[in-house]
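Working notes, beginning with the structure itself.
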Amino acid sequence: MDGLTSNAPLLVFMVIGTIAVAASFLVVMMRNPVHSALFLLLTFLCVAVLFVIKAAEFVAAVQVLVYAGGIMVLFLFVVMLINYRHLPEERMTTSLAIGGVGVGLAIFLLFFTIVRTGAYHDEHLNAEKKLGTVKETYLAEHPTDPNKLVRRSRAKENRNAEAVGMALYTDYLVPFEVASLFLLVAMIGAIVIGKRELSADEEETAPAYMIERVETEKEVKELLSA
Amino acid sequence: MPSTAQYLMLSATLFAIGLVGVIARRNMIVVLMCIELMLNAVNINLVAFSHRLADLQGQVFTIFVITVAAGEAAVGLAIIIQLYRLRSTVNVDEVKTLHG
């Protein structure tokens with residue numbers, strides 16, 4: 001029992017990792033996209049737990065908020081909006097299914113052989129220096145920080161979010177701003193692409209550019225059906 | 001504490017499963033979900049190495065990957081909705097106007 005409690009992170013990793021793999025497998029296997037989405041949600045939550053084990057609490061929180069909270073809701077909305085029913089006898093896979101499984105196995109074997117060589121088994125690293133103190137390393141590398149004394153005095157607490165925030169707003173400020181611009185562009189793009197057609201009574205009050213757009217869509221439809 | 005190698009194994013498994021889904025599934029929404037799965041596998045790698053090297057870069061990069069994944073999901077789903085309006089299908093192999 002003592003060995004089990006002292007190695008609790010490993011035990012949690014094994015259980016959560018198994019659930020994550022099983023859930024991701026079911027994402028691919030499920031016929032109904034709603035079930036796929038729910039298993040994907042389970043996978044995301046398990047991955048968040050794995051992040052916590054590796055002392056990345058802030059990333060885990062972002063994972064739950066953005067992935068589980070944002071992206072999954074988006075997926076579920078679209079699945080239910082489209083309401084596309086698969087017939088029971090309909091094929092679930094493309095003609096490339098066997099090739100796909102082969103490629104997946106090949107990629108896995110490739111990674112497996114790389115990892116197996118032993119370079120990433122980090123027992124010897126643990127002996128040399130203590131890991132798990134990412135934030136302390138970061139603060140040690142940035143001695144000009146005026147608040148460092150205050151930080152040092154509270155060094156026992158885990159402040160991963162603070163260290164990540166510090167890095168984002170100093171060393172990675174430009175990528176951070178570019179990311180915000182990227183999100184703006186993606187949002188505008190999604191709105192423009194996803195706009196729906198106008199109904200008959202809406203067409204009377206709609207401005208000219210929207211009418212024009214609807215006509216273009218009709219033309220595209222005719223071309224596609226031709 | 002689970003070693004980096006164990007994390008890499010797990011991430012390789014998730015990546016391979018996601019890849020199979022992207023290639024094999026017909027439903028475009030599920031294909032998009034599998035892409036998210038692959039991005040998540042990459043994130044696991046980044047966090048594992050961030051811990052191993054005691055370097056914050058990996059975690060910062062993970063946040064950027066999550067940002068890009070969010071944008072990609074939004075635009076991809078918008079495209080799928082529009083495609084469904086035009087063609088009334090979300091199957092990958094029924095959309096081949098360009099004969100790709």
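Here the accessible area of segment B:4-89 is 72 percent carbon and sulfur, with a 1.4 angstrom probe and all protein chains present. For A:ILE114 and A:VAL178, the difference between the fully extended length at 0.36 nm per residue and the C-alpha to C-alpha distance is 19.6 nm.
Rolling a 1.4 angstrom probe over the protein heavy atoms with all chains in place gives segment B:4-89 an accessible area of 26 Å² per residue.
The protection proxy used here, the mean number of other Cβ atoms lying within 10 Å of each residue, ranks peptides B:81-89, A:178-186, B:31-39 as follows, highest first: B:31-39, B:81-89, A:178-186. Evaluated at q = 0.10, 0.18, 0.21, 0.26 Å⁻¹, a Debye calculation over the C-alpha positions of segment B:4-89 (equal weights, vacuum) places log10 I(q)/I(0) at -0.31, -0.80, -0.96, -1.19.
Only DSSP H runs of four or more residues enter the estimate; each adds -39500 (n - 2.57), and after division by the residues of chain B the mean residue ellipticity at 222 nm equals -27500 deg cm²/dmol. The order of A:PHE77, A:PHE176, A:PHE51 by accessible area, most exposed first and with a 1.4 Å probe, is A:PHE77, A:PHE176, A:PHE51.
Spin-label model, A:ARG91 to A:ALA8: label points 7 Å out along the Cα-to-beta-carbon direction sit 5.2 nm apart.
For the residues of A:215-226, the average number of beta carbons from a partner chain within 10 Å of their own beta carbon is 1. Chains B and A together bury roughly 7600 Å² of accessible area, counting both sides, with a 1.4 Å probe on protein heavy atoms only.
B:TYR7 exposes around 0 Å² of accessible area when a 1.4 Å probe is run over every protein chain in place. Any chance you could check segment B:40-55 for residues losing 30 Å² or more of accessible area when the partner protein chains are in, compared with the chain on its own (1.4 Å probe)? At a threshold of 30 Å² (probe 1.4 Å), the residues of segment B:40-55 that become less exposed are B:ASN40, B:ILE44, B:VAL47, B:HIS51, B:ARG52, B:ALA54.
Working from Cα pairs under 8 Å separated by at least six residues, relative contact order for segment B:4-89 is 27 percent. Mean partner shielding of peptide A:41-53, defined as the number of other chain Cβ atoms within 10 Å of each residue Cβ, is 4.
The values are calculated or read from the model by the stated rules, or taken from the named source; none is laboratory data. Predicted, not measured: the structure shown is a model, and the values here were computed from it. For neighbour counting, all protein chains shown are included, and Cβ atoms are generated from backbone atoms with ideal geometry for every residue, glycine included. Quick note on the areas: whole protein, heavy atoms, side chains included, nothing else; ligands and nucleic acids left out. Shrake-Rupley method; radii C 1.70, N 1.55, O 1.52, S 1.80 Å.
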